[in-house]
Amino acid sequence: MAVRALLHYALEVPDQTVGEKFYTSFGLVDEGRRDGAVALRPAPLKRETVLLYGGPSKRLHHLAFGAPGDDFAATKESLRRAGVSQVDPPRGAPEGGLWLRDPDGNLVNVRDEAPAPPPPDPPLRLNSPGHIGRQVDRGAPESTATATPRRLGHVLLFTPDVPRQLDFYTRVLGMKLSDRSKSIIAFLRCTTDHHNVAFLTSKGPGFHHGSFEVGSVDEIAMGAVRMQERGFQPGWGLGRHVIGSNFFYYMRDPWGSFAEYFHDLDYIPEACAWEPRDWPEADALYRWGPPVPDDFGLNREVEA
Ligand SMILES: [Fe+2]
């Protein structure tokens with residue numbers, strides 16, 4: 001009984017064209033409009049991972065998870081046992097799968113679909129003490145280098161009740177808790193990634209960021225440089241998280257939330273002795289990096 005992948009996230013945004021420009025500048029490929037939504041995908045994937053619907057203001061439209069074959073049937077049964085009713089799909093949503101609302105009212109689509117992983121990159125060619133990965137070859141990125149996100153990794157959502165979301169996504173959808181910091185933030189996985197969904201405490205629900213894997217720290221930084229040249233503002237980075245361990249750089253999207261480049265996230269095989277830790281608040285955000293912007297945890301969907 002479990003969902004096995006985060007397939008895509010869909011937002012409602014006041015101006016789809018502005019959103020299209022943000023996410024293509026971020027490095028996603030524009031698939032054009034389908035049933036009223038702008039569809040965007042990482043270049044190595046055939047499947048869209050971001051959908052942008054029109055709406056009065058930015059908010060989460062829905063999340064889609066994959067639960068292939070037996071897992072789909074088991075998830076359906078788990079919903080029935082938990083007394084969670086299926087709901088009608090929102091207008092224009094991708095066909096297929098089942099629809100439900102989580103305890104915060106977020107729409108969730110569970111699809112009988114296996115995730116298609118992007119092809120692996122060649123190993124990084126880095127030189128370090130006693131380990132020569134690159135000889136007679138310059139290592140600095142070209143001045144024109146940019147970021148090419150390989151895949152969607154996770155989303156972070158605001159919630160007024162972290163324990164309630166944690167209970168629902170683990171007990172009903174079969175995700176696993178990877179780490180948490182009290183009832184402030186919880187990180188859950190349904191793949192080998194340290195987290196595919198995280199919940200951050202707030203006055204109400206909201207969308208904080210979507211996060212995409214890139215191939216190196218250079219690629220994170222060059223992606224951020226390219227975005228700033230196109231007029232987008234850095235949010236927070238470059239830094240390294242403690243929970244999940246990834247290098248990060250958050251770019252501000254046009255609506256006061258973020259898109260994150262990540263690299264070197266903790267990997268947790270399905271059968272292993274990973275013990276979730278309850279981290280002190282001081283470790284909840286980062287080990288190093290620039291100071292956290294004052295508004296980084298601001299949920300603009302409910303606060304000014
Ligand atoms: Fe993240």
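The values are calculated or read from the model by the stated rules, or taken from the named source; none is laboratory data. Remember, predicted model here, so these are calculated numbers, not experimental data. As a convention, Cβ positions derive from the backbone with ideal geometry for all residues, glycine included, and neighbour counts pool all protein chains shown.
Of all the residues in region 1-14, those that are over 30 Å from residue 78 (Cβ atoms) and surrounded by 14 or more Cβ atoms within 10 Å (Cβ to Cβ) number 1.
So that you can scan it fast, the table gives a plain yes or no per residue for (1) touching a Ser or Thr at 6+ places or on another chain (Cβ under 7 Å); (2) more than 19 Å from residue 61 (Cβ to Cβ); (3) more than 16 Å from the ligand (Cβ to nearest atom); (4) at pLDDT below 95:
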{"residue": "150", "(1), (2), (3), (4)": "no, yes, no, no"}
{"residue": "161", "(1), (2), (3), (4)": "no, yes, yes, no"}
{"residue": "167", "(1), (2), (3), (4)": "no, yes, yes, no"}
{"residue": "172", "(1), (2), (3), (4)": "yes, yes, yes, no"}
{"residue": "184", "(1), (2), (3), (4)": "yes, yes, no, no"}
{"residue": "189", "(1), (2), (3), (4)": "yes, yes, no, no"}
{"residue": "194", "(1), (2), (3), (4)": "yes, yes, no, no"}
{"residue": "198", "(1), (2), (3), (4)": "no, no, no, no"}
{"residue": "207", "(1), (2), (3), (4)": "yes, no, no, no"}
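Just so you know, in region 150-186 the residues that are of a type in the set (Lys, Arg) and within 15 Å of the chain's Cα centre (by Cα) include one that is nearest to residue 76 (Cα to Cα), and it is 151. Contact map, region 93-106: residues that are in contact (Cβ under 8 Å) with a residue 60 or more places away in the chain and surrounded by 18 or more Cβ atoms within 10 Å (Cβ to Cβ) paired with residues that are of a type outside the set (Phe, Trp, Tyr) and not in a loop (DSSP other than H, G, I, E, B), Cβ distance under 6 Å, separation 6+ or inter-chain. Pairs shown: 102/108; 104/159; 106/60. Residue check: residue 225 meets all listed conditions (1) in contact (Cβ under 8 Å) with a residue 24 or more places away in the chain; (2) away from the ligand (no atom under 15 Å from the Cβ); (3) among the β-branched types (Val, Ile, Thr) but one, namely (1). Filtering region 95-116 to residues that are of a type in the set (S, T, N, Q) and assigned to a loop (DSSP other than H, G, I, E, B) leaves only 106.
From the list 250, 261, which one is surrounded by 20 or more Cβ atoms within 10 Å (Cβ to Cβ), in contact with a helix residue (DSSP H, G or I) (Cβ under 6 Å, 6 or more places away or on another chain) and of a type outside the set (A, V, I, L, M, F, W, C)? Only one candidate passes the filter, namely 261. Restricted to region 1-86, the set of strands (runs of 3 or more DSSP E) holding at least 2 residues that are without any contact (Cβ under 8 Å) to a residue 40 or more places away in the chain comprises 29-34, 37-41.
Tell me, which residue of region 264-287 that is out of contact with any Gly (no Cβ under 6 Å at 6 or more places or on another chain) and free of Cβ contacts under 8 Å to residues at least 60 places away in the same chain is surrounded by the most Cβ atoms within 10 Å (Cβ to Cβ)? Per the stated criteria, the residue is 285. Residue by residue through region 237-259, note down the ones that are in contact (Cβ under 8 Å) with a residue 60 or more places away in the chain, within 11 Å of the ligand (Cβ to nearest atom) and closer than 27 Å to residue 54 by Cα. Result: 259, single match.
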